[in-house]
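K.L.:
Can you keep this structure in mind? I'll have questions shortly.
The values are calculated or read from the model by the stated rules, or taken from the named source; none is laboratory data. What you see is a predicted model, and the numbers here were worked out from it, not measured in a lab. Glycine gets a Cβ as well: all are built from the backbone with ideal geometry, and neighbour counts include every protein chain shown.
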Amino acid sequence: MRKSTIIILLSIVAIGVFTSCNKNRTYAQRLSDERKAIELFIDKNDIKILENYPKDSVFKANEFFFDTSSGIYYNVIDSGNGRRIMQGDEFYIRFKGLKYLSSSDTATYSNIQSLQPEILVYGNTATYSSVGWVAPLKNVGDRAKVKLIVPFNLGLPNDNQLYKTAYYEELNYRFEQ
């Protein structure tokens, strides 16, 4: 009787351990979920993905360039004033309309009204709050405005940790000399 009780208890514990482990999604599953969420967002918003960056740097409102080197999707709203960023330049980020694509979080975030913008130094990745914010800089200048779709692994630390894909309705760049 005692042996059968121990076997039953061990079986229950083993089943509990295996089922609790199955609730956690693997990284590959999360990447697959993210890819599906991005595709759904693109379809739902009638977005056209460009494989080549427009020679004239002019985008239609629903055109996004997929930067294969970074994994970021972006649309240039305004290319800026022509001044390009240089290694070591400090630049400021302000954004509005931050939404998460595959999350129960339905809020929209902004730092436009904040007293302090995000401050980064071009070429110093230790200062990058989000690697995704830097990708468009090779094609835009000071005072540029872009829309971004940022995969969780290139986003803010919290986005990365919680596997949240971000969409920025508008991200503004300002360079300092």
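K.L.:
Ile47 passes all but one of (1) surrounded by 11 or more Cβ atoms within 10 Å (Cβ to Cβ); (2) farther than 30 Å from Gly82 by Cα; (3) modelled with pLDDT of 95 or more; which number fails?
P.N.:
All conditions pass for Ile47, except number (2).
K.L.:
While we're looking at this one, here's another question. Keeping to the range 84-111, report how many residues are in a strand (DSSP E or B) and of a type in the set (Gly, Ala, Ser).
P.N.:
From the range 84-111, those in a strand (DSSP E or B) are 90-100, 109; that's our starting set.
If we keep only those that are of a type in the set (Gly, Ala, Ser) too, we end up with 97.
Within the range 84-111, residues that are in a strand (DSSP E or B) and of a type in the set (Gly, Ala, Ser) number 1.
K.L.:
Go through the range 146-166 residue by residue and tally those that are in contact with a Gly (Cβ under 8 Å, 6 or more places away or on another chain) and part of a strand (DSSP E or B).
P.N.:
Qualifying residue count for the region: 3.
Every residue, every condition in (1) out of contact with any strand residue (DSSP E or B) (no Cβ under 8 Å at 6 or more places or on another chain); (2) among the small types (Gly, Ala, Ser); (3) modelled with pLDDT of 95 or more, yes or no:
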position	(1), (2), (3)
Asp105	yes, no, no
Gln113	yes, no, no
Phe152	no, no, yes
Ala166	no, yes, yes
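K.L.:
When the residues of the range 143-177 are narrowed to those that are within 15 Å of Arg84 (Cβ to Cβ) and of a type in the set (Phe, Trp, Tyr), which ends up nearest to the chain's Cα centre (by Cα)?
P.N.:
Tyr173
K.L.:
When residues of the range 112-137 are filtered for being over 16 Å from the mean Cα position of the chain (by Cα) and in a loop (DSSP other than H, G, I, E, B), how many remain?
P.N.:
The total comes to 9.
K.L.:
Go through the range 35-53 and give me each residue that's over 17 Å from Leu101 (Cα atoms), assigned to a loop (DSSP other than H, G, I, E, B) and not charged (D, E, K, R).
P.N.:
Of everything in the range 35-53, those that are over 17 Å from Leu101 (Cα atoms), assigned to a loop (DSSP other than H, G, I, E, B) and not charged (D, E, K, R) turn out to be Asn52, Tyr53.
K.L.:
Does Asp67 satisfy being more than 30 Å from Arg143 (Cβ to Cβ), modelled with pLDDT of 95 or more and under 19 Å from the mean Cα position of the chain (by Cα)?
P.N.:
So Asp67 does not fit the description; no.
K.L.:
Continuing with this model, one more query. Looking at (1) at negative phi; (2) surrounded by 12 or more Cβ atoms within 10 Å (Cβ to Cβ), which is the one condition that is false for Gly71?
P.N.:
Going through (1) at negative phi; (2) surrounded by 12 or more Cβ atoms within 10 Å (Cβ to Cβ) one by one, Gly71 breaks only (1).
K.L.:
Right, something else. Failed condition for Val140, given (1) more than 17 Å from the chain's Cα centre (by Cα); (2) of a type in the set (Val, Ile, Thr); (3) outside any loop (DSSP other than H, G, I, E, B), with all others met?
P.N.:
Result: Val140 passes all but (3).
K.L.:
Considering the range 123-151 alone, what residues qualify as being in contact with a helix residue (DSSP H, G or I) (Cβ under 7 Å, 6 or more places away or on another chain) and closer than 14 Å to Phe66 by Cα?
P.N.:
Result: Gly132, Val146, Leu148, Ile149, Val150, Pro151.
K.L.:
Would you say Asp56 is surrounded by fewer than 16 Cβ atoms within 10 Å (Cβ to Cβ), at pLDDT below 95 and in a loop (DSSP other than H, G, I, E, B)?
P.N.:
Spelling it out, Asp56 is indeed surrounded by fewer than 16 Cβ atoms within 10 Å (Cβ to Cβ), at pLDDT below 95 and in a loop (DSSP other than H, G, I, E, B).
K.L.:
With respect to Tyr92, is the statement that it is farther than 13 Å from Tyr167 by Cβ and out of contact with any His (no Cβ under 9 Å at 6 or more places or on another chain) true? Step through it out loud before you land on a result.
P.N.:
Working: farther than 13 Å from Tyr167 by Cβ: yes; out of contact with any His (no Cβ under 9 Å at 6 or more places or on another chain): yes.
Here the answer is yes, as Tyr92 does meet what is asked.
K.L.:
If you check Asn81, Asn24, which single one turns out to be within 23 Å of Ala135 (Cα to Cα) and either at pLDDT below 95 or not in a strand (DSSP E or B) (or both)?
P.N.:
Every option except Asn81 fails the conditions.
K.L.:
Given the options Leu162, Leu154, name the one that is more than 24 Å from Ile47 (Cα to Cα) and either surrounded by fewer than 17 Cβ atoms within 10 Å (Cβ to Cβ) or in contact with a helix residue (DSSP H, G or I) (Cβ under 6 Å, 6 or more places away or on another chain) (or both).
P.N.:
Among Leu162, Leu154, only Leu162 is more than 24 Å from Ile47 (Cα to Cα) and either surrounded by fewer than 17 Cβ atoms within 10 Å (Cβ to Cβ) or in contact with a helix residue (DSSP H, G or I) (Cβ under 6 Å, 6 or more places away or on another chain) (or both).
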